[in-house]
Amino acid sequence: MKRPVQVVLLVLSGLGLLQVSLFTDLFLRYVKPGMRPLLIASGAVLLALGLAEARAVYRRTRHDEAHPPPHVAWLLFLPALSLLLYAPPALGAYTAAREAPRVVETQDARDEDFDPLPATSPLPITLGDFTRRVQQDRTQAIKGRTVEMTGFVTPAGEDGSWYLTRLLISCCAADVQSVKVRVYGVAAPKADTWVSVTGTWHPGGTLGTSSARVALDVRTVSEVERPSNSYMDALPLG
Amino acid sequence: MQETQDRAQDASAPTMRARPGWPRHWPLLLLGAAVLPGAALYLVGWSAELPAIQAWRTVALSVVVQAVPFMLLGTALSGAINAFVPASVFTRLLPKRPALAVPVAGAAGVVLPGCECASVPVANSLIGRGVTPAAAFAFLLSAPAVNPIVLTSTAIAFPGRPEMVLARLVASLLAACAMGWLWLWLGKEEWLRPAVRHTGHQPGHSRWAEFRSGFQHDFLHAGGFLVVGALAAATFNVAVPPSVVDAFADSAWLSVLFLAALAILLAVCSEADAFVAASLSGFSPVARLTFMVVGPMVDVKLIALQAGTFGRAFAVRFSAATTVVAIVCSVLIGGVLL
């Protein structure tokens, strides 16, 4: 790899990282929000390395050319240009359909872990909290309550039901896990659409035990905007 | 006659004056290098809007994006060791006898925060500075598994089960030291590619220029292999159906071997693998411990990085031996502690 190519590669890699972390928040499609300062610093360092090398090339500093970087370094153009030109979208229904739903920790759930639910109706709740209320809360506080949840649509295949879904990551998109709530009563919107739904628990199994089905009889479905950080189990907005 | 000769000389003169080592139309080639892969990528992107391809690209890119800051840290550190730290420092810090240097270097892994991508270039520069390879390998294996960030995330992933953190620490240190001693016993120098770059500070050169060129070279080198590993990991990530995972959960022995294989193929970074292990709740604690001990020491990304840094002959033997040693250590320690 010739030195001018190294300059271009380093500068493009730096700009690519800065593009997704400093100028936009596209990096949230790939890693956690906490990585932002590290990514900005990395982009700046790569840009500085590239500019320093450009200066050295311009001044024709002697540089031992005996051991240039191997050809495999060309592959770094792939992520650099991908970040700059065509950042792939966040993971969605395709991945969620393949993932088994996340197993909620069951061992230590006691009654006092569940505070009484607020009286608002519909009650905004996360998919994870809804799952815990349905499968672990023996006081059955969720029974008969109208809840409101936001997530994206994952088709379930048979009987016209579908999954309201959230994907969660703990480090990067390679370790993604899903939380899903099965939805009954309304035809499935297009896969990957972000929706806010209201409804009540769909009876099945004994509420408050692991036999209870994590499912919802839906009354209303409204399309919402995709959140910029889609990899978290957040409450519905507003 | 004289005139034609002169003209011929004139015509050949510009090419003679072109600086050696650069192709003639390098600005054109440069433009091509910048535009063609992008155009190809764009076309591939447009023609393959398939969800599987998109998921594959997202996973591959996210592995690279996640690893780049830690890899920069590692290569900067390796460049700094090469340019600023005299070799005598290491001979003074480490015990003279290699067999004693191994556990000391393994325990020193605690100080390098980050995941496994950072440790390969650092280990390479340590060998270049005269540290015995056995000690450098113990450091290479233990650093990604026992640093405070990784142990903290393990404690968070397994709430109320401190024995999991302890088991991971002990099993990882044991496996790292065992590999160091194994190298002393059976290892051969000729498996290692000669360390060509790490010559240390040369009198008459600027230390900063040496640091910069070493840093840049190591980053481009390791970065290329990181991309290879990320592509492989993304392929397995998208291609392995989840139903396969459940099929192995029932048998005690198969589940240990299966999770070891899964750790190698998925190449989850060591700061996150505890959360993945915690989510594999169908498996026994020993199998999950194996996942967390093998993952930071051997995976497709690391094999690619090691093959690039130390040579293929080394990477194949070392990864195979490490896998076996790591599995044995986690079964032993897991059997006692879990």
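The values are calculated or read from the model by the stated rules, or taken from the named source; none is laboratory data. Here the structure is a predicted model, which is why all the values come from computation and not from measurement. Methodologically, a virtual Cβ is constructed for each residue, glycine included, from the backbone with ideal geometry; neighbour enumeration extends over all protein chains shown.
A few points about this structure:
- Checked against the criteria, residue B:220 does not count as under 26 Å from residue B:87 (Cα atoms), in contact with a Pro (Cβ under 8 Å, 6 or more places away or on another chain) and either surrounded by fewer than 22 Cβ atoms within 10 Å (Cβ to Cβ) or of a type outside the set (A, V, I, L, M) (or both).
Residues are listed down the side, and each one gets a yes or a no for (1) in the same structural domain as residue A:122 (by TED's automatic domain parsing); (2) among the hydroxyl-bearing types (Ser, Thr, Tyr); (3) at pLDDT below 85:
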{"position": "A:159", "(1), (2), (3)": "yes, no, yes"}
{"position": "A:165", "(1), (2), (3)": "yes, yes, no"}
{"position": "A:171", "(1), (2), (3)": "yes, no, yes"}
{"position": "A:174", "(1), (2), (3)": "yes, no, yes"}
{"position": "A:182", "(1), (2), (3)": "yes, no, no"}
{"position": "A:186", "(1), (2), (3)": "yes, no, no"}
{"position": "A:194", "(1), (2), (3)": "yes, no, no"}
{"position": "A:201", "(1), (2), (3)": "yes, no, no"}
{"position": "A:217", "(1), (2), (3)": "yes, no, no"}
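- For residue B:305, the conditions (1) surrounded by fewer than 24 Cβ atoms within 10 Å (Cβ to Cβ); (2) modelled with pLDDT under 90 all hold with the exception of (1).
- Residue check for residue B:257: away from every other protein chain (no Cβ under 14 Å), under 28 Å from residue B:112 (Cα atoms), surrounded by fewer than 18 Cβ atoms within 10 Å (Cβ to Cβ) and not small (Gly, Ala, Ser): no
- Those helices (runs of 4 or more DSSP H) lying entirely in region A:29-125 with at least 2 residues modelled with pLDDT of 80 or more and closer than 30 Å to residue B:209 by Cβ: A:36-58, A:77-85
- Filtered residue count, region A:1-48, keeping only those that are facing chain B (nearest Cβ under 9 Å), among the hydrophobic types (A, V, I, L, M, F, W, C) and more than 18 Å from residue B:30 (Cα to Cα): 10
- Taking the listed residues B:217, B:205, the one that is within 21 Å of the chain's Cα centre (by Cα), within 14 Å of chain A (Cβ to nearest Cβ) and without any contact (Cβ under 8 Å) to a residue 24 or more places away in the chain is B:217, with no other qualifying.
- For residue B:250, the stated conditions hold: it is part of a loop (DSSP other than H, G, I, E, B) and among the acidic types (Asp, Glu).
- One residue alone among A:192, A:175 is closer than 30 Å to residue B:67 by Cα, of a type outside the set (Val, Ile, Thr) and free of Cβ contacts under 8 Å to residues at least 60 places away in the same chain, and that residue is A:175.
- Checking B:263, B:287, B:267 one by one, the residue that is facing chain A (nearest Cβ under 8 Å), surrounded by 21 or more Cβ atoms within 10 Å (Cβ to Cβ), under 26 Å from the mean Cα position of the chain (by Cα) and under 15 Å from residue B:323 (Cβ atoms) is B:267 and no other.
- Taking every residue in region A:7-22 that is in the same structural domain as residue A:36 (by TED's automatic domain parsing) and pairing it with any residue that is surrounded by 20 or more Cβ atoms within 10 Å (Cβ to Cβ) and of a type in the set (Val, Ile, Thr), at least 6 positions away or on another chain, the pairs with Cβ-Cβ distances below 9 Å are A:13/B:68; A:14/A:45; A:17/B:65; A:17/B:68; A:20/B:65; A:21/B:65.
- Test: residue in region A:118-136 that is surrounded by fewer than 18 Cβ atoms within 10 Å (Cβ to Cβ), in contact with a strand residue (DSSP E or B) (Cβ under 9 Å, 6 or more places away or on another chain) and under 30 Å from residue B:262 (Cβ atoms): yes
- Filter result for residue B:330 (outside any helix (DSSP H, G or I), out of contact with any strand residue (DSSP E or B) (no Cβ under 9 Å at 6 or more places or on another chain) and in contact (Cβ under 8 Å) with a residue 60 or more places away in the chain): no
- All told, residue B:120 meets the bar of being part of a helix (DSSP H, G or I) and in contact with a helix residue (DSSP H, G or I) (Cβ under 8 Å, 6 or more places away or on another chain).
- Helices (runs of 4 or more DSSP H) lying entirely in region B:43-109 (those with 1 or more residues that are modelled with pLDDT under 85): B:51-84, B:87-93
- Sub-7 Å Cβ pairs linking a first residue in region A:86-97 that is more than 7 Å from chain B (Cβ to nearest Cβ) to a second residue that is among the acidic types (Asp, Glu) and in a loop (DSSP other than H, G, I, E, B), at least 6 apart or interchain, are A:92/A:192; A:93/A:192, ordered by first then second residue.
- For residue A:60, the test of being in contact (Cβ under 8 Å) with a residue 40 or more places away in the chain, facing another protein chain (nearest Cβ under 9 Å) and not aliphatic (A, V, I, L, M) is failed.
- Counted as qualifying within region B:263-326 are the helices (runs of 4 or more DSSP H) with 1 or more residues that are touching a helix residue (DSSP H, G or I) at 6+ places or on another chain (Cβ under 6 Å) and under 20 Å from residue B:72 (Cα atoms), namely B:285-297, B:300-310.
- Qualifying residue in region A:213-232 (condition: in contact (Cβ under 8 Å) with a residue 24 or more places away in the chain, within 30 Å of residue B:64 (Cβ to Cβ) and assigned to a strand (DSSP E or B)): no
- In region B:157-178, the qualifying residues are those that are in a loop (DSSP other than H, G, I, E, B) and of a type outside the set (A, V, I, L, M, F, W, C), and the one that is farthest from residue B:295 (Cα to Cα) is B:160.
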